[in-house]
Amino acid sequence: MQKRREHSHIIFLALTTGRDEQKRIALPKMNPSKVVICGAGFLGKHISRALITPAFPGSPTHQVQLASRNPQKTNSVSKESPGILEPSQIDITNESSLVPAFSNASLVVSLVGIMHGTSADFDRIQWEGAENVAKAAARAGARLIHVSAIGADKQSQIPYNRTKALGEEAVREVYRGKLEKDVVILRPSVVFGPEDDFFNRFSRLARVLPFLPVFGGGTSRFQPVYVRDIARAVEIIARNDPSINAIVGGKIIECGGPDIFTYKEIMQLVLKYSGRRRPIISLPFWMGKLQGTVMEQLPINLLTVTRAQVEQLKSDNVVNLLTPQSRVDAAFFPFDALIEQYAVPDKKISLRSVHEILSTYLA
Ligand SMILES: NC(=O)c1ccc[n+]([C@@H]2O[C@H](COP(=O)([O-])OP(=O)(O)OC[C@H]3O[C@@H](n4cnc5c(N)ncnc54)[C@H](OP(=O)(O)O)[C@@H]3O)[C@@H](O)[C@H]2O)c1
């Protein structure tokens, strides 16, 4: 592993203290460190914005390197700020494609994940691909934030959950030993925010269907988390502050918002905040599986659901319910504590609720 490069320079702040008098105060300031956003989709775009926007006066900002299979798709965000470098073309299934983008990076945020595909696709991307990202990041001397998901489970029959767990394990293996504190694993529940694929999808469905379906009574529970709170967490970790690294380094952070809702309650929220009235109709799981069998044969569209996704709906998707203290002591660090204590010094920041945010983009 190469030694991390650290540069510093002096910036001059001009302060006018009198009519003619101008003082120049020299402030030591680190050059912005380079953070690679590997997988520039929904989360990647919001995280990029958080990294180039000061979280509080004087907080570190970063140079962001977006890395994507299709750099042109990142145009909207990459033109937003000079802090975002020319996007780089990568494919995480090809480790050597990662080398130029990762060069001189201090942190890599590994975000690539898929929702559809064969079991082999999930292995290739969420397991082996995640391992490729970790190897290339470690070789570049970068720390790593690996984004997994609540429900990661090596024993699961669901390819998404199984390969999320295998990806986590592979990443940890790459950083095992001296480097293990250089990895943080984030496991979000369902993420909401402008451009999300969950609430927006059901809102679009409510537009075209006469009812909103839930499977098996819609009793499984979710803990929706605001995308900008996840972006805040990444920004906090990206500061490379030794006191923060000491508490989160090597840990898993399960990311959930302030409220837990059943699937059916989520459909009610979608209707409420998109201003529509539709009955919510419960369908048996077998009917969902039947729909999955048909939809898996067709190109992905608004009605696409896979059998694995229907199976996922049988389990809760909420943050590990250990007590906060045991979560700190064990492999976990609590997401709410990270945001509340570190987002802005001397100011308690609370996690944002769907009730504050959904109306801003679903209506
Ligand atoms: N959104 C949620 O509610 C949620 C919840 C829990 C966990 N997560 C996890 O969080 C991560 C980010 O989620 P997201 O919602 O931002 O997903 P997303 O919008 O689908 O972004 C994932 C990106 O991965 C890229 N990608 C796919 N295959 C690739 C490959 N072989 N090489 C390089 N890039 C590839 C895709 O971009 P191109 O097709 O342009 O390459 C896509 O933009 C994922 O790992 C996901 O599993 C998300």
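Some observations on this one:
- Share of pairwise Cα-Cα distances greater than 22 Å in segment 186-339 is 49 percent (whole percent).
- Residue order for 110, 359, 189, fewest other beta carbons within 10 angstrom first, comes to 359, 189, 110.
- For residue 343, neighbours were defined as the other residues whose beta-carbon sits under 14 Å from its Cβ, and their charges (Lys and Arg +1, Asp and Glu -1) total 0.
- Pairs exceeding 28 Å between alpha-carbon atoms, taken from 45/289; 45/164; 73/135; 154/251; 178/314: 45/289; 178/314.
- Working note: 222 nm ellipticity from helices only, DSSP H runs with n ≥ 4, each -39,500 (n - 2.57), summed and divided by the residues of the chain, gives -10000 deg cm²/dmol to the nearest 500.
- Most mobile of 229, 336, 346 in a GNM of the chain (Cα contacts under 10 Å): 346
- Across segment 90-151, the fraction of Cα-Cα pairs farther apart than 18 Å, rounded to a whole number, is 32%.
- FRET efficiency, 1/(1 + (r/R0)^6) with R0 45 Å, evaluated for residue 176 and residue 268 via beta carbons: 0.50
- Computed over the Cα atoms of the chain, the ratio of the radius of gyration to the Kirkwood radius (Rg/Rh) comes to 0.99.
Only the coordinates and a few stated rules stand behind these numbers; no lab work does. Since we're looking at a predicted model, the values are computed, not measured. Cβ sites come from the backbone with ideal geometry, for glycine too, and all protein chains shown count toward neighbours.
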